[in-house]
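Note sheet for the following structure.
Laboratory data are not the source of any read-out in this text; all were calculated from the coordinates shown. Nothing here was measured: the structure is a model prediction, and the numbers come from that model. Backbone-built Cβ (ideal geometry, glycine too); neighbour counts: all protein chains shown.
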Amino acid sequence: MSQKAVKGTVLCLHGFAQNGTVFSVKASGIRKALKKAGYHTVFVDGPITLTAADLPFEASKYGADDKAEDLNFRGWVYTQAEKYDLKPCFDTVKNAYKEHGPFIGVLGFSQGAGVTGTILSNFNEIVDDDKALDALKFAMFYSGFIFDNPSAQKYYEKKIEIPTLHIMGELDTLVSNERSQKFADLCKDATVLKHPGGHYCPSTKDLLKTEVAWVNSVVDGTRAKEQDDEDDIQKLSEMMDNLGKA
């Protein structure tokens, strides 16, 4: 049996106090669904190694004897910092690109989604490849949000051009739907999906099917054609309305 051709590689960025391995397990639903559809996923570790004092929970509950370093909990930025140092984040993405790129998509959860939002405005520069953004077709955000730290605002001055999918949990108490919607509003071509759960990557069959269908439609260009058709219909409708007023 011939091996299924890989359509492209998706870079996956974990949330705060996770790491690439942990996130690959927690996001196993979408990871497996993307693999079945022909996409390869790459999970990387954030640049910050967290200590027990940095964690919102007791490390001992996870068998680390209060030593968070034993479990390799990672982060992208210190949320309480007066100024965010995003260069280590960019360097991590650049190194991942050198080893696994080009990427057809980027997937981020929570703080990882926040980082993704900062790299899309200058992706070519970050990975040092003038054609990187041409290959990047989509971004997916679970419980995504915009960093409110003043030092990060310059990365949100331009709208994100590539199609984006925003998945929000209606019971998410860590990242409100309002915060995630604010992120979606920053994107030129955003699609929003909601699930009845909280702060996690859901693995319900119907939602995964919808997510993968969206990815495929973006990659194969059918979604762009549908969008153009909708725009043409809207323009025709406006033209008819104007004629009726003449």
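Go ahead and run the numbers for FRET between residue 80 and residue 222, Cβ-Cβ distance against an R0 of 51 Å, rounding to 0.05. So, using R0 = 51 Å, E works out to roughly 0.70. Site pair residue 98 and residue 36 shows an inter-label distance of 3.7 nm when each label is modelled 7 Å from Cα along Cα→Cβ.
Structure note, pairs 94/205; 188/209; 159/209; 32/154; 158/194: Cα-Cα distances above 31 angstrom occur for 94/205; 32/154.
Under a 5 Å amide H cut-off, with hydrogens placed 1.01 Å from N, residue 38 pairs with nothing among residues at least 5 apart or on other chains.
The stretch between residue 188 and residue 148 holds 12.4 nm of extra length on full extension. This uses 0.36 nm per residue minus the Cα-Cα distance. 3J(HN,Hα) couplings calculated from phi for region 100-114 with the Karplus curve 6.51 cos²θ - 1.76 cosθ + 1.60 (θ = phi - 60°) are, in sequence order, 10, x, x, 9, 8, x, 10, 10, x, 10, 6, 4, x, 5, x Hz; Gly and Pro show x.
Checking every one of the GluC sites (Glu not before Pro) in region 144-213 against DSSP loop status and a limit of 10 other Cβ atoms within 10 Å picks out 157, 170.
Rounded to the nearest 20, the Cβ-based charge dipole of region 127-200 about its Cα centre (Lys and Arg +1, Asp and Glu -1) stands at 140 debye. Summary of packing: across the peptides 18-28, 115-125, the per-residue average of other C-beta atoms within 10 Å ranks them, highest first, as 115-125, 18-28. Taking a point 7 Å out from the Cα of residue 24 in the direction of its Cβ, the residues of region 138-169 whose backbone N falls within less than 20 Å of it are 140, 142.
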